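Some notes on the structure that comes next.
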């Protein structure tokens, strides 16, 4: 089961605390529950929905920990029946999309039309503004101190790439393990091929240490899907992430 780096870290932490319950693990299905603090996440992967799997999912859904503050149910693979079950039990869809993958031998680095820039503390305000603009939010500026530390650590680990055009910060990427975790272009500078340059640079960075790389994309983001496919990515799996609202 290929899950995101954040989900992997969550499961790893829960496992170290002895809080992972493996419900199904065979050649067809993987189904487990991980708990950290008052957060519970169920992970289900299969491309074949068997009656026995459905029974196990129903049992888990009907016996969720009432003391948990956050309960999530993440489904991977082609599983419309399981997704419907999760929705029927009060979970709300957070994101549906695809996990894409690419092999190193398919990568041909393209000449960049952007200039690479090293991260410095004086770049923080511009970087915060770039992320806020790209995601149409104020989340990053509201949590400026936390992201100052986050971006510094990412830069030190070689996981942050910044790009400028005519001296202005216009694009960035974030890497995590074998994943392109984030790839953004300032909305006012989209449509000029900058995404091609940033994606090529991100792939080149990851392929220095990985033979296979991954990224996630929302199902309805057709523009991004076309870009990733043009660069050699292929669909590995679907995913659907859900959260149960607090009562």
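Quick notes on this one:
- Some residue of segment 186-196 being in contact with a helix residue (DSSP H, G or I) (Cβ under 9 Å, 6 or more places away or on another chain), touching a residue at least 60 places away in the same chain (Cβ under 8 Å) and closer than 29 Å to residue 44 by Cβ: no
- Of the residues in segment 166-178, none is within 30 Å of residue 79 (Cβ to Cβ) and either part of a helix (DSSP H, G or I) or over 15 Å from the mean Cα position of the chain (by Cα) (or both).
- Flag for residue 218 being under 18 Å from residue 157 (Cβ atoms) and outside the structural domain of residue 78 (by TED's automatic domain parsing): no
- Residue satisfying all of: in segment 167-184; touching a strand residue (DSSP E or B) at 6+ places or on another chain (Cβ under 9 Å) and closer than 14 Å to residue 115 by Cβ; surrounded by the most Cβ atoms within 10 Å (Cβ to Cβ) among these: 172
- Of 95, 102, all but one fail to be in contact with a strand residue (DSSP E or B) (Cβ under 8 Å, 6 or more places away or on another chain), over 23 Å from residue 25 (Cα atoms) and either loosely packed, with under 12 Cβ neighbours inside 10 Å or at pLDDT below 95 (or both); the exception is 95.
- Looking across 206, 215, 236, one residue alone is at pLDDT below 95, farther than 20 Å from residue 41 by Cα and in contact with a strand residue (DSSP E or B) (Cβ under 7 Å, 6 or more places away or on another chain). It is 236.
- Among the residues of segment 145-160, those that are assigned to a helix (DSSP H, G or I) and surrounded by 12 or more Cβ atoms within 10 Å (Cβ to Cβ) comprise 147, 148, 150, 151, 152, 154, 155.
- Output for segment 17-66, where each listed residue is in contact with a helix residue (DSSP H, G or I) (Cβ under 6 Å, 6 or more places away or on another chain) and part of a loop (DSSP other than H, G, I, E, B): 49
The values are calculated or read from the model by the stated rules, or taken from the named source; none is laboratory data. All values reported here derive from a predicted model rather than from experimental measurement. Counting neighbours? That spans all protein chains shown, and the Cβs are built from the backbone with ideal geometry, glycine included.
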